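Undergrad: This structure is in structure tokens; I'll ask about it shortly.
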């Protein structure tokens, strides 16, 4: 049975918060996606862009990608679209000549080579597209140009890596431009937007989807379900979304009300302990501090080194006491001395004197 596997936005080599474990997370998710896809013996692989996070990937990430792509290409044609993280200029990227030459079954969609045709289960299947293009006018012109050349195949698929209107802003492809070419295709695929979902605005003409990503790259994606798309027997309107077990990422937002610094510290500690099952954790706490804000603990990352990423922010809420700061005489040396002592910088006399000097010179411009 003919089947097509679509994987996108793997971001291999992303040095997320400079954590080595995150490098392993992206590699693990990529390998799991390929393993699950290969177990289904697809007829064609389509990679929707941002296979790498950088234009010049680190050697380990390049090695992982090349080895797995070669393994896949030994039995199945692979098509790669070039994403925004991989693009160096409007017309090329660092890995394009490498990956397109290492195996006869690996093909890269570019402006110079926007059309590919494959025989899948006796059907001519055309895959069309071009590299990520930053300029809206250029992107839409290229979309119209390659679409005007599409004809004569049993099935035609558009694969791009672009921001589409209403999904990402600023966008490079308007809904009007996409709708203008939609009837040329039986399926439209795009990378770049990391949450898998249909592109509803063109679904009355043809099936269209953002593929999704295999691993999260920020806490803004903490609620995303990661995975890839699988189409069987050319049923493009009913893809199967196959989840990948990416590293859990969680955001906890709470309001503490009015509390002493010791109570705030205890509250944060309790939240961290309650979420030990998630190694990428962000805690956002708002609190009216009943006492000295600098007595609130901030270096949680060093206290809990077993977390991959532990991001704690404690934002003081406005109160009459805080608002009264605007009339304090901040020229008092004792205020600088107290601040530097609280921050553990009491031995940085040169820095302290520089701060005093800068305040005397510029401070009145900012205090009303």
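Read-outs: derived from the displayed coordinates by stated rules, not from any lab. Bear in mind the structure is a predicted one, so any value in this text is a computation, not a measurement. Positions of Cβ are backbone-derived with ideal geometry, glycine not excepted, and every protein chain shown enters the neighbour counts.
Undergrad: Highest first, please rank the peptides 158-170, 31-43 by the mean number of other Cβ atoms sitting within 10 Å of their residues. Each step should come with its number before you reach the end.
TA: On the way: 158-170: 20.2, 31-43: 16.9.
Highest mean packing first, the order is 158-170, 31-43.
Undergrad: Pairs of alpha-carbon atoms within less than 8 angstrom and 6+ residues apart define the contacts here; what relative contact order does the range 3-243 have, in percent? Kindly include the intermediate steps, with their values, before the conclusion.
TA: Numbers: 536 pairs, mean separation 47.5, N = 241.
That works out to 20 percent.
Undergrad: If the elastic network links every pair of Cα atoms under 10 Å, which of 298, 11, 196 fluctuates the most in the Gaussian network model of the chain?
TA: 298
Undergrad: Between 0 and 90 degrees, rounded to the nearest ten: what's the tilt of helix 333-342 against the longest Cα principal axis of the chain?
TA: 50
Undergrad: Connecting C-alpha atoms closer than 10 Å in a GNM of the chain, tell me which of 262, 246, 203 has the biggest fluctuation.
TA: Between 262, 246, 203, it is 262 that shows the largest mean-square fluctuation.
Undergrad: Report, in whole Å, the centroid distance computed from the Cα atoms of the range 198-243 and the range 20-66.
TA: 17
Undergrad: Please report how far the C-alpha centroid of the range 250-272 lies from that of the range 96-165, rounded to the nearest whole angstrom.
TA: 51
Undergrad: What order do you get for 130-138, 116-124 when each peptide is scored by the mean count of other beta carbon atoms within 10 Å, highest first?
TA: Numbers: 130-138: 18.3, 116-124: 13.3.
Taking the mean over residues of other Cβ atoms within 10 Å, the ranking is 130-138, 116-124.
Undergrad: Please give the FRET efficiency for residue 311 paired with residue 1, using the beta carbon to beta carbon distance and R0 = 41 Å, rounded to the nearest 0.05. Please list the in-between numbers first.
TA: Values: r = 46 Å, r/R0 = 1.11.
According to the calculation, E is roughly 0.35.
Undergrad: Then there is this: Stretch residue 274-residue 353 to full length: gain in nm at 0.36 nm per residue minus the Cα-Cα span?
TA: Values: separation 79, 0.36 × 79 = 28.44 nm, distance 4.31 nm.
Separation in residues times 0.36 nm, less the Cα-Cα distance, equals 24.1 nm.
Undergrad: While we're here: Restricting to DSSP H runs of at least four residues, report the calculated mean residue ellipticity at 222 nm for the chain, -39500 (n - 2.57) per run over all residues, nearest 500 deg cm²/dmol. Walk me through the numbers before you get to the answer.
TA: Values: 10 runs with 104 residues, N = 368.
It lands at -8500 deg cm²/dmol.
Undergrad: Could you give the length gained on full extension between residue 260 and residue 293, defined as 0.36 nm per residue of separation minus the Cα-Cα distance, in nm? Could the numbers behind the result be given before it?
TA: Numbers: separation 33, 0.36 × 33 = 11.88 nm, distance 0.91 nm.
Computed gain between residue 260 and residue 293 is 11.0 nm.
Undergrad: So if R0 is 56 Å, what FRET efficiency would residue 339 and residue 171 give, r being the distance between their Cβ atoms, rounded to the nearest 0.05?
TA: Working: r = 45 Å, r/R0 = 0.80.
Calculated value: 0.80.
Undergrad: So if R0 is 45 Å, what FRET efficiency would residue 251 and residue 40 give, r being the distance between their Cβ atoms, rounded to the nearest 0.05?
TA: Numbers: r = 34 Å, r/R0 = 0.75.
According to the calculation, E is roughly 0.85.
Undergrad: Another question about this same structure. Compute a Gaussian network model of the chain, connecting alpha carbons closer than 10 Å, and tell me which residue from 84, 153, 347 fluctuates the most.
TA: Taking springs between Cα atoms under 10 Å, the residue moving most is 347.
Undergrad: Would you mind checking the tilt of helix 20-38 against the longest principal axis of the Cα atoms of the chain, expressed as 0 to 90 degrees and rounded to 10?
TA: 20
Undergrad: Expressed as an acute angle from 0 to 90° and rounded to the nearest 10, what is the orientation of the C-alpha long axis of helix 349-362 relative to the principal long axis of the chain?
TA: 90
Undergrad: Please compute the length gained on full extension between residue 134 and residue 238, using 0.36 nm multiplied by the number of residues separating them and subtracting their Cα-Cα distance.
TA: On the way: separation 104, 0.36 × 104 = 37.44 nm, distance 3.09 nm.
Gain in length upon complete extension: 34.4 nm.
Undergrad: Something else about it: Semi-axes of the equivalent ellipsoid of the chain: what are they in whole Å, largest first, if each equals the square root of 5 times a C-alpha gyration tensor eigenvalue?
TA: Values: eigenvalues 499, 102, 79 Å².
Values for the chain, descending: 50, 23, 20 Å.
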